[in-house]
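The values are calculated or read from the model by the stated rules, or taken from the named source; none is laboratory data. Every value quoted in this text rests on a predicted model; they were computed, and no experiment measured them. Every residue, glycine as well, gets a Cβ built from its backbone with ideal geometry; the counts of neighbours run over all protein chains shown. Please note that ligands, DNA and RNA were not included when accessible areas were found on the heavy atoms of the full protein model with its side chains. Shrake-Rupley method; radii C 1.70, N 1.55, O 1.52, S 1.80 Å.
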Amino acid sequence: MSTTFTLNTSTSRSHPVPEPVRRLTIPAIQGRKADGRTEQPIVMLTAYTARMAQLLDAHCDILLVGDSLGQVIYGLDSTVPVSLDMMCAHGAAVTRGSYKSVVVVDMPFGSYEAGPQQAFESAARIMKETGCAAVKLEGGEVMAETISFLSARGIPVMAHVGLTPQAVNALGGYRARGRDDSERAKIVADAKATVDAGAFALVIEGVMEGIAREITETVAIPTIGIGASAACDGQVLVAEDMLGLFERTPRFVKRFDDLAGRISKAAESYASDVRDRSFPTDAQLYGVKQGKS
Ligand code: KIV
């Protein structure tokens, strides 16, 4: 399936919208933090499909096409097997389904770690095929050269430090990071390195509140927390987690709905109606046009 589409430059989306809205920009997001303060916290949610993007767009500043789609959409055990093809297909769908939020697409494991040149080729493909405004990659000091290479070549980079899920095999699991002094110092150093390298925003995942606060108070760019306390300049959650689509969620997730329960109830009602033949009824039948035989 080709994911390439023609960008409509007046609306930054592939289809005209009833009332064209100007899409938020990377400088506008970065500019939300001025003199170390963010008056209006940045709202970010993941989206993987066009329909979900349509529903979330009006309420968000950033839609993140996270590689968490590996677990949420594809039923994989981790984000490690997620491919560039997957990210491009879902990224394009989310850009098509949104017109206000900045779309950021995750660079999947194996598509950028070899060096700046590999990262540039992967990021350029993601941007051309999806129409997104920026990419996100995991890692701190070790990724500084790559972040600087991409940023200098017109590719805005959102960095991601703390708990970095693509490193699950090296970390040995998804436990919170920064519980001891050396890990804490490393995370703070990682964050500063990504900022010095030119990242426009920084995701901080799974760390103690004090670390998130220290980073947020030190760096000039917005920090976006996930499991990192309200000290950050914005928040992100996996949309399906906060919608209650899963019975088990990490401690930091607040469920704003119970979609799992509601979907299950709806499917139960449908099955019952099919079995007792109370669906479909006349209301769902096509009518014959008057005057035609
Ligand atoms: O892949 C993802 O969804 C993320 C998050 C920050 C939620 O990286």
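Things worth noting here:
- The magnitude of the dipole of the chain, with charges of +1 and -1 set on the Cβ of Lys/Arg and Asp/Glu and taken from the Cα centre, is near 900 debye.
- Here region 2-257 carries DSSP beta bridges of which approximately 10% are antiparallel, counting only pairs with both residues inside.
- Extending 7 Å from Cα along the Cβ direction at R277 and again at V43 yields two label points whose distance is 4.9 nm.
- Of the listed residues D67, D273, the order by accessible area with a 1.4 Å probe, largest first, is D273, D67.
- Under 13 Å, Cβ to Cβ, from I187 - net charge with Lys/Arg +1 and Asp/Glu -1: -3
- Largest to smallest accessible area among E240, E214, E129, E39 [probe 1.4 Å]: E39, E214, E129, E240
- Lysines with Cα under 30 Å of K265, excluding same-chain neighbours fewer than 8 positions away: K254
- The share of accessible area on region 158-275 that comes from carbon and sulfur is 52 percent, using a 1.4 angstrom probe.
- With the convex hull of the Cα atoms taken as the outline of region 180-287, the averaged projected area works out to 11.1 nm².
- Lys/Arg +1, Asp/Glu -1 at C-beta; region 225-278 dipole; positive extreme among L245, S272, Q235: S272
- Prolate/oblate/rounded label for region 157-206 (Cα gyration tensor, a/c 1.5): oblate
- Across all Cα pairs in region 76-207, the calculated P(r) in 10 Å bins from zero up to the longest distance comes to 13, 42, 35, 9, 0 percent per bin.
- Förster-model FRET efficiency, 22 Å R0, L171 and D85, C-beta, rounded to 0.05: 0.25
- Karplus-derived 3J(HN,Hα), 6.51/-1.76/1.60, for each residue of region 224-241, Hz, glycine and proline x: 10, x, 9, x, 9, 6, 7, 5, 7, 7, x, 9, 9, 9, 6, 4, 5, 5
- Placing dummy labels 7 Å off each Cα toward the beta-carbon, the span from T249 to E183 is 2.4 nm.
- Using a Förster distance of 51 Å, the FRET efficiency for S269-F120 (Cβ separation, nearest 0.05): 0.50
- Ranked order, S101, S229 - accessible area, probe 1.4 Å, largest first: S229, S101
- Residue-normalised accessible area of region 208-262, expressed per residue, 1.4 Å probe, Å²: 50 Å²
- When Rg and Dmax are taken over the Cα atoms of region 2-257, they come to 16.9, 54 Å.
- With all protein chains modelled, accessible area of V288 [1.4 Å, Å²]: 110 Å²
- Local net charge near K33, Cβ-Cβ under 14 Å (Lys/Arg +1, Asp/Glu -1): -3
- Contact order, relative form, for the chain: 15 percent (alpha carbon pairs under 8 Å, 6 or more residues apart, mean separation divided by residue count).
- Reachable lysines from K192, criterion Cα separation under 28 angstrom, eight or more residues apart if same chain: K33, K136
- Nearest-10 value in Å² for the accessible area of S264, using the 1.4 Å probe: 70 Å²
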